[in-house]
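Some notes on the structure that comes next.
Readers should treat all values here as calculations from the given coordinates under stated rules, not as data from a laboratory. It should be emphasised that the depicted structure is a prediction, and the values quoted were computed from it without experimental measurement. Methodologically, a virtual Cβ is constructed for each residue, glycine included, from the backbone with ideal geometry; neighbour enumeration extends over all protein chains shown.
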Amino acid sequence: VKQRASFIKKVKRALIQRRDEMDNKLTAHSQEEVTDRGTHDSGDEALSLLMERLQTSLQKTEMNELHLIQDALVRINKEEYGICLDCSDPISEKRLTHFPYAARCIVCQEALEQ
Ligand SMILES: [Zn+2]
């Protein structure tokens, strides 16, 4: 159990670091967006529209990840992290190392996806 706690502490640190990175990136994105406005001339419009769309979908993916990080951090704070939401079995550290946002054990996750 002690080993598990230190593992979760490590995960928490990594998650917080990742969240800060994402925060910085998202803030940078929205600042870029503001400074970009008004600088496009008509010839660049199609390209800038494409870039805008690309950026929006990028931000969506990043927002999704940010939500997953937040969820994982909430579970850590509630001491529910690493416990399967469905069957309450502990999720293996191997799985959590690969998928730090995993909220279910591999068996329940597979059942959910089918
Ligand atoms: Zn399970």
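Across segment 81-92, the number of residues qualifying as in contact with a Gly (Cβ under 8 Å, 6 or more places away or on another chain) and either of a type in the set (S, T, N, Q) or surrounded by fewer than 18 Cβ atoms within 10 Å (Cβ to Cβ) (or both) comes to 1.
Scoring LEU112 on the criteria (1) more than 16 Å from the ligand (Cβ to nearest atom); (2) part of a helix (DSSP H, G or I); (3) free of Cβ contacts under 8 Å to residues at least 40 places away in the same chain leaves a single failure, condition (1). Of all residue pairs spaced 6 or more apart or on separate chains, those with beta-carbon atoms under 8 Å, a first member in segment 2-17 that is over 12 Å from ALA72 (Cα atoms) and a second member that is assigned to a helix (DSSP H, G or I) are ARG4/GLU93; PHE7/GLU93; PHE7/LEU96.
Which residues, counting only those in segment 82-108, are out of contact with any Asp or Glu (no Cβ under 8 Å at 6 or more places or on another chain), away from the ligand (no atom under 14 Å from the Cβ) and of a type outside the set (D, E, K, R)? Result: THR97, HIS98, PRO100. Selection of first residues in segment 86-99 that are more than 11 Å from PHE7 (Cα to Cα) and of second residues that are part of a strand (DSSP E or B) and away from the ligand (no atom under 13 Å from the Cβ), restricted to Cβ pairs under 6 Å at least 6 apart or on distinct chains, gives an empty result.
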